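Below you'll find the structure, written out as structure tokens, and then a few comments.
The values are calculated or read from the model by the stated rules, or taken from the named source; none is laboratory data. Please read all numbers here as calculations on a predicted model, not as lab measurements. All Cβ positions, glycine included, derive from the backbone under ideal geometry; neighbour counts span all protein chains shown.
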Amino acid sequence: MTSNQHRIAVMPGDGIGAEVMEAALGVLDAAERRFGFATARERVPGGALLYRETGAALPEDSFNRARDADAILFGAMGWPDIRYPDGTEIAPQLELRVRLDLFAGVRPIRAIPGVRGALADPRAETIDLVILRESTEGMFASRGKGLVTHDYAEDTQRITRACTEKLSHFAFNLARRRKSRGGKGLVTLVDKANVFASFAFMRQVFHEVAARHPDIAARHHYVDAMALDLVRRPWEFDVLPMENLFGDILSDLGAGLIGGMGFAPSADVGATHALFQPSHGSAPDIAGQGIANPTAMILSLAMMLDWLAETRAAPALADAAAAITGAVDTAFGTHRLRTADLGGATGTVALGRTIAALVADGAVDPT
């Protein structure tokens, strides 16, 4: 490995994870050739099928290799019928979030040209927001720690000042970057502060941080009202930070607005590490059929390159990320390709190759 290579831990995982990963890596190959950078990719095992075989979903060696990489590119892990003894699903990505302190779950919700979403309003074509899911605490702090008795079960939410401050600063900085590219410059905290003391605390800390970012507008919204307004007027929002469970739920709603989970990328970002994966799961019902939509995986790859460009001072990677995003838009908007989840016949391999070709031949100008 040369000194200018970026080390990528590739974790395909289970089900369609491996299929969409191969499509994304083909796009990465094209981006490297066109923009003149290199990655060193290391396959790292993990997932439910590995757990069934070995008793470990994320072996310590796999964790160490993921930790030591410059970035983690993650397919999908989990399998409905393979579970831990307590009945919960296999989800190594949750362990990675906690152990690497990947506190910011970045989930872009952006309308893609030519892809019909759930809303008939023409303004839905302008949807471009980010659900910012706190990924290490909230209700998920009880994972593996809940109390279960014969008569009741109890999980405890935990919201800390330190994590809320980090998430809030991240939200305002993200909104500022988006504003420089034509975004709204608006951060809206989503909470339930009218009922729970933990959310009232979160709101207080959020507004304390907001005072240090006077150039960005700060608002708050109750989660139930936000569920309504994401359907009624999603084009009015920009960056939406929220507690872990709320983010888990609303990011799926957001994906539905833009065509489904196959179009929803994500990143889990910390101070020094980041993991990039599609928001969808391993989809055992269609695994091996070659019909999985790899768009979310490919857009997650673009997010990874954009993050590496910023954190490693590598502007060529930012150009590559923009070219990949533009190629996705061209594939669906100009070429009118349709994957199975849209009722079409374009398969996983075919879409990946089309996007890779668009990136390689310079048909999409990153500027």
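Being touching a Gly at 6+ places or on another chain (Cβ under 8 Å) and surrounded by fewer than 21 Cβ atoms within 10 Å (Cβ to Cβ) holds for only one residue in R176, R181, and it is R176.
If only residues of the range 67-109 that are in contact (Cβ under 8 Å) with a residue 40 or more places away in the chain and charged (D, E, K, R) are counted, the one that is nearest to W307 (Cα to Cα) is D70.
With (1) assigned by TED's automatic domain parsing to the domain that holds N4; (2) touching a helix residue (DSSP H, G or I) at 6+ places or on another chain (Cβ under 7 Å) as the list, and S300 as the residue in question, which single condition is left unmet? Only one criterion in (1) assigned by TED's automatic domain parsing to the domain that holds N4; (2) touching a helix residue (DSSP H, G or I) at 6+ places or on another chain (Cβ under 7 Å) is unmet by S300, namely (2).
Sort out which residues of the range 24-41 are on the phi < 0 side of the Ramachandran plot, out of contact with any Lys or Arg (no Cβ under 6 Å at 6 or more places or on another chain) and either outside any helix (DSSP H, G or I) or among the aromatic types (F, W, Y) (or both), and write them in order of number. Result: F35, F37, A38, T39, R41. Assessment of the range 3-23 against the conditions (modelled with pLDDT under 95, more than 21 Å from the chain's Cα centre (by Cα) and either assigned to a loop (DSSP other than H, G, I, E, B) or among the aliphatic types (A, V, I, L, M) (or both)) yields at least one matching residue.
Residues checked against (1) assigned to a loop (DSSP other than H, G, I, E, B); (2) on the phi < 0 side of the Ramachandran plot; (3) in contact with a helix residue (DSSP H, G or I) (Cβ under 9 Å, 6 or more places away or on another chain):
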| position | (1), (2), (3) |
| --- | --- |
| Y51 | no, yes, yes |
| A57 | yes, yes, yes |
| N64 | no, yes, no |
| F74 | no, yes, yes |
| L96 | no, yes, yes |
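Of the residues examined, G254 is one that is surrounded by 21 or more Cβ atoms within 10 Å (Cβ to Cβ) and of a type outside the set (V, I, T). From the list A350, A316, A322, A327, the one residue that fits, being more than 14 Å from the chain's Cα centre (by Cα) and either surrounded by 24 or more Cβ atoms within 10 Å (Cβ to Cβ) or among the hydroxyl-bearing types (S, T, Y) (or both), is A327.
Got at least one residue in the range 273-295 being surrounded by fewer than 20 Cβ atoms within 10 Å (Cβ to Cβ) and at positive phi? Yes: the range 273-295 contains one or more residues that are surrounded by fewer than 20 Cβ atoms within 10 Å (Cβ to Cβ) and at positive phi. Residue pairs whose Cβ atoms lie under 6 Å apart, separated by 6 or more positions or on different chains, with the first residue in the range 163-177 and farther than 10 Å from V187 by Cα and in the same structural domain as F140 (by TED's automatic domain parsing) and the second acidic (D, E) and surrounded by fewer than 23 Cβ atoms within 10 Å (Cβ to Cβ), are C163/E137.
Of the helices (runs of 4 or more DSSP H) entirely within the range 177-264, those holding at least 3 residues that are in contact with a helix residue (DSSP H, G or I) (Cβ under 6 Å, 6 or more places away or on another chain) and within 20 Å of D155 (Cβ to Cβ) occupy 244-257.
Going by the conditions given, is P214 modelled with pLDDT of 95 or more and buried (at least 16 other Cβ atoms within 10 Å of the Cβ)? No, not satisfied. Within the range 83-117, if we keep just the residues that are at pLDDT below 95 and more than 19 Å from the chain's Cα centre (by Cα), the residue that is surrounded by the fewest Cβ atoms within 10 Å (Cβ to Cβ) turns out to be P85. Being among the basic types (K, R), under 20 Å from T126 (Cα atoms) and in contact (Cβ under 8 Å) with a residue 60 or more places away in the chain is a property that does not hold for R353. Within the range 128-150, restricting attention to residues that are out of contact with any Leu (no Cβ under 6 Å at 6 or more places or on another chain) and β-branched (V, I, T), the residue that is modelled with the highest pLDDT is V130. A residue that is surrounded by fewer than 21 Cβ atoms within 10 Å (Cβ to Cβ) and under 20 Å from the mean Cα position of the chain (by Cα) cannot be found anywhere in the range 149-157.
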